[in-house]
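All of the numbers you see were taken from the coordinates with simple rules; none came from a lab. None of these values were measured; they are calculated from a predicted model. So basically every Cβ, Gly included, is an ideal-geometry build from the backbone, and we count neighbours across all protein chains shown.
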Amino acid sequence: MFTDLKIMQTASALARHSVQRHGQIAENIANADTPGFKAKDLEPFSQAYAKSQRAMMDSHRASLSAQAFHPELIETEGVASPDGNTVSLEDQMTRSTSAARDHDTALTVYAKTLSMLRATLGRRG
């Protein structure tokens, strides 16, 4: 029942996006010394979510499924080091902070929505 609410679907999609993004950032950091490695990131959540919504409308599905939300990898812009590596640790830390903030936002929205629903139903907690 609660998973049918649009706000819960959106919060869930944002949480999944931030987790996937954090994984990509970790991969970039792990390859910071790999010659020729190109840093990547996920497309912004707003673009990925809009694409998934358009795909959902095209296929006439009633709700967002986990399979419908697949953000694309994009190569990040950056200055390459002499060995061709484009990973900037400072940039990756900034992106990591942004992903963590997005994840916290998604969890807060999810928790507050549940709290409001419980209050509406007359249950405290």
Partners for K40 among lysines (Cα-Cα distance below 24 Å; same-chain residues under 8 apart left out): K51
(1) 6.7; (2) 9.1; (3) 10.3, with the label sought being that of the calculated mean projected area of the Cα convex hull in nm²: (2)
Leading residue at positive end of dipole, the chain (Cβ point charges), from G36, L117, T86: L117
Only Lys, Arg (+1) and Asp, Glu (-1) charged, at Cβ; the chain dipole about Cα centre in debye: 1020 debye
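Show that you can apply the helix-only estimate: for the chain, add -39,500 (n - 2.57) for every DSSP H stretch of four or more residues, divide by all residues, and state [θ] at 222 nm to the nearest 500. Could the numbers behind the result be given before it?
Values: 3 runs with 72 residues, N = 125.
Calculated from helices alone, the mean residue ellipticity at 222 nm is -20500 deg cm²/dmol.
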M8, M93 arranged by Cβ crowding within 10 Å, fewest neighbours leading: M93, M8
Amide H partners (placed H, <5 Å) of L42, local residues excluded: I74
